[in-house]
Amino acid sequence: MADKETKAVKQSKVQEQIDLMQLEKAKIELEMAQLSLEDLKYRVEKERARRHQLALAHKAQQDSLDDFNEKVKQQQAYCKHRKGGKNLEGILKGHDSNYSVIQNTYPWGETVVMCTRCCKEWREGVPFANPPIPRTPGFETAIEWPTDNEPSGTQLFLIQKNPNYKPPKAPPKTALERTIDAVNETLSAGEHSGTGEEEEASA
């Protein structure tokens, strides 16, 4: 009886130790899960902060570009597109009878008028482009402005068929090429001759 009680006490102590070990393991697993969750939250916050900084940088660049474009538009609207004048004021307020513009014709046939002082462009437009390039408002007026600048241009992409064109003759064959042709002809003649003999024999 005493042995049974002693054995039961030992088993009870062993079970208590097992329960303690399982409890400790559960605590460790919970702590590991908490650490993993904290690490995940840290990475999410870091990525969110990175994206926020990228968005701020992009917005700053876009704002700067928009501000620059707005200043260019104001300058172009203020410019008289004429030659003459002095200093910076004269650049934008020319009073000469000639306009400070140049005309350029691109290879695809479009003509563009550009002011050499404010760099504003008036495009003729390309309706057959994909997508079509619209004509700049005021192009008809700008193309008629008097100027002593020489227009520039390039050779247009025009392809014309020459009715007198004859393809060049093939160069004469070399001795080696003539020998190869002769051998091929001999072999071909032998094959046809053999085929005829076989047909006669079968007949």
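Below are the figures for this structure:
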read-out: Residue match in the stretch 85-97 (condition: without any contact (Cβ under 8 Å) to a residue 12 or more places away in the chain and either among the acidic types (Asp, Glu) or in contact with a helix residue (DSSP H, G or I) (Cβ under 9 Å, 6 or more places away or on another chain) (or both)); value: yes
read-out: Search result, residues across the stretch 52-82 that are surrounded by 15 or more Cβ atoms within 10 Å (Cβ to Cβ) and either aliphatic (A, V, I, L, M) or touching a residue at least 40 places away in the same chain (Cβ under 8 Å) (or both); value: Gln75, Gln76, Cys79, His81
read-out: Any strands (runs of 3 or more DSSP E) falling wholly within the stretch 92-203 and containing at least 2 residues that are modelled with pLDDT under 80 and within 44 Å of the chain's Cα centre (by Cα); value: none
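The values are calculated or read from the model by the stated rules, or taken from the named source; none is laboratory data. Computed from a prediction, not measured in an experiment: that's the story for all the values here. Using ideal geometry, Cβ is built from the backbone for each residue, glycine included, and neighbour counts are taken over all protein chains shown.
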